[in-house]
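What follows is a single structure, written as structure tokens, with notes after it.
The values are calculated or read from the model by the stated rules, or taken from the named source; none is laboratory data. From a predicted model like this one, the values you see are computed outputs, not experimental measurements. Glycine gets a Cβ as well: all are built from the backbone with ideal geometry, and neighbour counts include every protein chain shown.
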């Protein structure tokens, strides 16, 4: 089957820019940035997390061994698109109304997507003279103004929706796989194709500092994998688990190829690499495992918002470090800027924090005073080891996506002693409950109402 590739012509204008950094030796120029995002990967799945061992992930394990693993790594949304909006901007997505997913392409109005007034990580790094590439899933709007090539990225190969067939490029009429803005007719396997495009980009951009955003659709449904990878898991008797295992292994292989190419080019010590999942695993549909955590994707229980999270920068960050302090995907943008020697000015109003001083030992404190969540009626706030939360208690509640979040009736958990959120301590600790509720209310006042409802529907109160 033909292998689809993004158009190298899209890179030429960027590569011809008179970049100040391009004439510097690699050791002196600004570092490259590689951001890898998995889709619907549970907290407990990867080898380095230590909960399950039936799917080897040697390449991701190597990233963790060479860098920092965050045991309390979070994302701001228990759903795909809101998390990605937060990553792109370094700001809580509720500040600009991006609280829910857009719907399918054929029903989503052209006005729905990451607001064009919000600067993206692509915009920020392109302004610094970086060559920027985005490969894989977008899920931030379908209309032309939301396309990655209009949001600060020089090259794009991927799809604009929330999911896609892995083997059929033309499987979704309204949500094609695009090389730039041109639909692709054939593809071998999306995981391989997105990684291949990233490898080509990195090789083409190697004379300049580059930012590469690699957003896999793995391991999101539908469950599909190449036969050659499925054969490695013939011992798994559950067909669903076997296919899931092959999908995750294929993603790990693909990450190994991308990082391997960086190593071959002699750029690993000059590349900050970040890996995390966009939300927790939807166990019932894919078998993705959230380890000891309660809940799943679409819930503000820990299983929906705490994710595998790794950061590597050889020679600059400690190797094999395990950091238990809460961090969040909002921190990726300011940390990457910090690696480039740039401090975000106050007028950018970022919610993320540059983690480098915390990881190098210059700052022994907590990066965040508190972390905030709102997803319709669901809410959460983490402050220290304590968590305030309102999340579904049954299947009927789990199906509700609208409504307005409040602290009334919220529960209280001590995550250090009870990461599975099994013991509601609200009754025994009313003062702590009131304290966290007050912090959530204060933070919530800085947010706005959702700009659209679940799957582009009307906003429900």
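Report whether or not residue 134 is within 21 Å of the chain's Cα centre (by Cα) and more than 28 Å from residue 286 (Cα to Cα). Let's see the steps before the verdict.
Details: within 21 Å of the chain's Cα centre (by Cα): yes; more than 28 Å from residue 286 (Cα to Cα): no.
Criteria not met by residue 134.
Condition check: more than 30 Å from residue 359 (Cα to Cα) and either touching a strand residue (DSSP E or B) at 6+ places or on another chain (Cβ under 9 Å) or part of a helix (DSSP H, G or I) (or both). Does residue 230 satisfy that? Give the steps one after another, and end with the answer.
Details: more than 30 Å from residue 359 (Cα to Cα): yes; either touching a strand residue (DSSP E or B) at 6+ places or on another chain (Cβ under 9 Å) or part of a helix (DSSP H, G or I) (or both): yes.
Yes; evaluated as a whole, the condition is true for this residue.
Do we find that residue 213 is touching a strand residue (DSSP E or B) at 6+ places or on another chain (Cβ under 9 Å), modelled with pLDDT of 95 or more and within 19 Å of residue 59 (Cα to Cα) in this structure?
Numbers: touching a strand residue (DSSP E or B) at 6+ places or on another chain (Cβ under 9 Å): yes; modelled with pLDDT of 95 or more: yes; within 19 Å of residue 59 (Cα to Cα): yes.
Considered against the rule, which asks whether it is touching a strand residue (DSSP E or B) at 6+ places or on another chain (Cβ under 9 Å), modelled with pLDDT of 95 or more and within 19 Å of residue 59 (Cα to Cα), residue 213 comes out as yes.
Suppose we filter 82, 109, 102, 115 for residues that are in a helix (DSSP H, G or I), touching a helix residue (DSSP H, G or I) at 6+ places or on another chain (Cβ under 7 Å) and more than 16 Å from residue 178 (Cβ to Cβ); which single one remains? Quick ask: steps written out before the conclusion?
Numbers: 109 fails: in a helix (DSSP H, G or I); 102 fails: in a helix (DSSP H, G or I); 115 fails: in a helix (DSSP H, G or I).
Matching residue, one of 82, 109, 102, 115: 82.
Among (1) crowded, with 23+ Cβ neighbours inside 10 Å; (2) in a loop (DSSP other than H, G, I, E, B), where does residue 158 come up short?
(2)
Report, by residue number, each residue of the stretch 391-418 that is closer than 17 Å to residue 433 by Cβ, touching a residue at least 24 places away in the same chain (Cβ under 8 Å), surrounded by 13 or more Cβ atoms within 10 Å (Cβ to Cβ) and more than 23 Å from the chain's Cα centre (by Cα).
Result: 405, 406, 407, 410, 412, 413, 414.
If I go through the stretch 183-227 residue by residue, how many of them are surrounded by fewer than 16 Cβ atoms within 10 Å (Cβ to Cβ), assigned to a helix (DSSP H, G or I) and in contact (Cβ under 8 Å) with a residue 40 or more places away in the chain?
Total satisfying the criteria: 1.
Scan the stretch 88-96 and tell me whether some residue there is touching a strand residue (DSSP E or B) at 6+ places or on another chain (Cβ under 8 Å), assigned to a helix (DSSP H, G or I), farther than 23 Å from residue 41 by Cβ and in the same structural domain as residue 315 (by TED's automatic domain parsing).
Initially, the stretch 88-96 is screened for residues touching a strand residue (DSSP E or B) at 6+ places or on another chain (Cβ under 8 Å), giving 92, 94.
After this cut, where a residue has to be assigned to a helix (DSSP H, G or I) as well, the list is 94.
After this cut, where a residue has to be farther than 23 Å from residue 41 by Cβ as well, the list is 94.
The next check asks that each one be in the same structural domain as residue 315 (by TED's automatic domain parsing); those that pass are 94.
Within the stretch 88-96 (the criterion being touching a strand residue (DSSP E or B) at 6+ places or on another chain (Cβ under 8 Å), assigned to a helix (DSSP H, G or I), farther than 23 Å from residue 41 by Cβ and in the same structural domain as residue 315 (by TED's automatic domain parsing)), the answer is yes, since at least one residue qualifies.
Any residue at all in the stretch 63-75 that is closer than 17 Å to residue 253 by Cβ and assigned by TED's automatic domain parsing to the domain that holds residue 124?
Yes, because at least one residue in the stretch 63-75 is closer than 17 Å to residue 253 by Cβ and assigned by TED's automatic domain parsing to the domain that holds residue 124.
Residues being without any contact (Cβ under 8 Å) to a residue 40 or more places away in the chain and either within 22 Å of the chain's Cα centre (by Cα) or crowded, with 24+ Cβ neighbours inside 10 Å (or both): count how many of those fall in the stretch 167-182.
So the answer is 2.
For residue 263, all conditions in the list (1) touching a residue at least 40 places away in the same chain (Cβ under 8 Å); (2) under 28 Å from residue 125 (Cβ atoms) hold save one; what is the number of the exception?
The number of the failed condition is (1).
Exactly one condition in (1) under 21 Å from the mean Cα position of the chain (by Cα); (2) free of Cβ contacts under 8 Å to residues at least 12 places away in the same chain is not met by residue 164; state its number.
Status for residue 164: all satisfied but (2).
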